[in-house]
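This report concerns only the one structure given below.
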Amino acid sequence: QDAFTFQSPENCKWRLQDGNINQIALDCSIRTINSDVDIFKIRSDQSEQITSINVDCSDVLFFQSTLEPRAFQRFYHLQQLDIQFCKLNSLPAGTFLGLDNMKSLTVRTHNTDWSSMALELTPDSLVGMPRLESLDLGENNLKDLPERVFCPLPALLHLNLTANRLQDVSEVGVVGGCGAHLVTLDLTANDLVVLPEAGFAGLQSLRELNLQYNKISILHDRALFGLSALNILNISSNHIVALPSDAFNETTGLQELYLQNNSLSVVADTFHGLIRLVVLNLSNNRLAQVNFDMFRDLSALQVLDLSHNSLTVIGDRTFSSLANLHRLDLSYNQLLTVQGQSLAGLHVLSAISVAHNNISHISYETFENCTNLSDLRLEFNALSEIPSAIVELISLRTLRISHNVLSTIKHDDLTHLTNLIHLDMSNNVLKGICKNCLENLSELKVLDLSSNELSAIPQVSFDSNVALQRFSHLQSSISSTIKSPYCTIGNFLGCQPLIF
């Protein structure tokens with residue numbers, strides 16, 4: 001701090017970056033930004049030390065801001081500039097001329113709060129920043145972009161255009177080699193309706209493309225043409241009804257694909273060739289069936305989300321090609337049973353949810369190859385007994401089977417689940433717990449029996465549950481039948497009788 005011999009401009013604060021007196025950040029809170037504000041009057045011998053400027057304008061009332069050509073040229077060592085809430089309606093040609101060292105630029109007017117205000121760019125608005133790597137123009141009410149507006153930015157890697165009003169991907173203006181080095185492109189929350197053929201051609205280095213929260217209803221054939229390096233694609237929360245069978249032929253390097261919150265009813269073999277895909281989210285669609293052909297090439301898949309669809313049955317060996325699948329979500333569907341070979345081939349599966357269905361039966365063979373399963377969610381179904389299929393799940397650590405119609409627990413139902421830590425059987429119709437039902441659950445820490453019809457629990461029922469830390473039964477009527485079972489539980493808060 002002793003190195004500073006000047007005062008901060010009005011409404012600004014100085015701070016050192018990484019303790020370096022030659023890398024000073026300037027944080028300013030002002031009413032508007034224009035050529036008369038103090039930050040543009042700093043002497044050159046002072047401005048040369050500034051490498052970062054953050055400007056927040058007043059968002060309480062509508063005060064219009066303006067920028068002139070070469071507005072920041074005195075800050076020729078500037079590497080980062082962030083302008084927020086300044087009501088700009090244009091970036092004139094040459095606004096950023098002289099910023100040869102600039103690496104990150106953010107201009108967010110938040111004009112979305114003022115529907116009549118829209119930021120306009122000229123073809124030369126972004127000239128003068130040859131080293132710029134990251135550009136954020138989100139929340140500016142941008143309706144269109146000048147042709148080749150990003151061409152003066154040869155080093156650009158990350159482009160964020162979220163929350164604008166762009167209607168056509170061609171308006172991004174990255175064709176013609178201008179976006180050859182772009183790695184991420186974010187068009188979230190715009191007004192895109194169609195993805196045309198070759199709409200992203202020229203983005204051969206793009207690895208992440210975000211298109212969620214638009215109004216996309218149509219993907220034309222070869223809509224992703226040229227995106228051979230793409231790893232992450234998010235087209236969730238749109239209006240997509242169908243996908244071309246060759247939709248992803250150009251993007252065989254995809255690792256994450258997000259299609260949730262659309263209106264897909266049929267997918268067929270759309271995912272053919274995606275041998276590197278690790279995450280696939282198809283939740284909140286209208287899928288009525290899935291089959292082996294949908295997933296046959298997805299041998300690397302680790303996470304599959306099919307929740308909130310209209311599935312009524314899972315056929316035998318549907319997922320048998322998914323040898324690396326770790327997590328499977330089938331919750332919020334219309335399943336009635338889980339057949340014996342439905343999960344065949346899922347040898348490394350660690351978590352599965354079939355919660356919020358109407359399942360009354362799970363075949364004995366269902367989990368016979370799922371020896372690594374540690375998290376099983378069966379809540380909100382119609383199970384009248386603990387499925388015999390779980391007997392051999394010796395790696396199981398969490399079992400949620402609440403909100404079913406369980407009336408009894410047999411001695412052998414849980415005997416082999418010696419690694420179980422969390423057991424939730426709340427909201428059933430259990431009338432009692434046999435004295436040896438939980439005897440092998442020495443690792444059990446959380447037990448929830450609340451909202452059942454329990455009238456009595458033998459005092460010795462928990463003798464073996466030495467790790468128990470939380471026991472919920474919410475049945476005050478049973479406390480009189482137990483002198484104090486907690487006194488026999490090794491680490492369970494001494495002998496205090498707790499009723500949650």
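The values are calculated or read from the model by the stated rules, or taken from the named source; none is laboratory data. None of these values were measured; they are calculated from a predicted model. Neighbour counts run over all protein chains shown; Cβ positions are idealised from the backbone, glycine included.
Okay, residues lined up against (1) at pLDDT 95 or above; (2) under 16 Å from L393 (Cα atoms); (3) touching a His at 6+ places or on another chain (Cβ under 7 Å); (4) β-branched (V, I, T):
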{"position": "T408", "(1), (2), (3), (4)": "no, no, no, yes"}
{"position": "D412", "(1), (2), (3), (4)": "no, yes, no, no"}
{"position": "H416", "(1), (2), (3), (4)": "no, yes, no, no"}
{"position": "H422", "(1), (2), (3), (4)": "yes, yes, no, no"}
{"position": "N427", "(1), (2), (3), (4)": "yes, no, yes, no"}
{"position": "C434", "(1), (2), (3), (4)": "no, no, yes, no"}
Legend entry - Test: A268 is touching a helix residue (DSSP H, G or I) at 6+ places or on another chain (Cβ under 8 Å) and not assigned by TED's automatic domain parsing to the domain that holds L159: yes
Legend entry - Residue check for I53: touching a Phe, Trp or Tyr at 6+ places or on another chain (Cβ under 8 Å), of a type in the set (A, V, I, L, M) and either at pLDDT 90 or above or in the same structural domain as N111 (by TED's automatic domain parsing) (or both): yes
Inset, instruction - Kindly list the number of the only condition in (1) outside any loop (DSSP other than H, G, I, E, B); (2) within 30 Å of L298 (Cβ to Cβ) that fails for L423. - result: (2)
Legend entry - Test: residue in region 445-464 that is at pLDDT below 80, assigned to a loop (DSSP other than H, G, I, E, B), surrounded by 15 or more Cβ atoms within 10 Å (Cβ to Cβ) and among the acidic types (D, E): yes
Inset, instruction - Report yes if P123 is surrounded by fewer than 17 Cβ atoms within 10 Å (Cβ to Cβ) and out of contact with any Lys or Arg (no Cβ under 8 Å at 6 or more places or on another chain), otherwise no. - result: no
Legend entry - Any chance K215 is surrounded by fewer than 19 Cβ atoms within 10 Å (Cβ to Cβ), farther than 24 Å from D246 by Cα and touching a residue at least 12 places away in the same chain (Cβ under 8 Å): no
Inset, instruction - Please go through region 69-100 and pick out each residue that is out of contact with any Leu (no Cβ under 9 Å at 6 or more places or on another chain), surrounded by fewer than 17 Cβ atoms within 10 Å (Cβ to Cβ) and farther than 19 Å from T51 by Cβ. - result: A93
Legend entry - Number of the condition not met by T51 [criteria: (1) surrounded by 18 or more Cβ atoms within 10 Å (Cβ to Cβ); (2) under 17 Å from I33 (Cβ atoms); (3) among the β-branched types (V, I, T)]: (2)
Legend entry - Criterion violated by V60 - all others in (1) surrounded by fewer than 16 Cβ atoms within 10 Å (Cβ to Cβ); (2) β-branched (V, I, T); (3) in a strand (DSSP E or B) satisfied: (3)
Inset, instruction - Scan (1) assigned to a loop (DSSP other than H, G, I, E, B); (2) closer than 23 Å to S134 by Cα; (3) under 37 Å from the mean Cα position of the chain (by Cα) for the single condition G98 breaks and write down its number. - result: (3)
Inset, instruction - Residue by residue through region 102-142, note down the ones that are out of contact with any Leu (no Cβ under 7 Å at 6 or more places or on another chain) and either assigned to a loop (DSSP other than H, G, I, E, B) or aromatic (F, W, Y) (or both). - result: H110, W114, S115, S116, M117, T122, P123, D124, P130, R131, E139
Legend entry - Evaluation of E10 against (1) at pLDDT 75 or above; (2) closer than 15 Å to K87 by Cα; (3) in a loop (DSSP other than H, G, I, E, B) (one fails), failing number: (2)
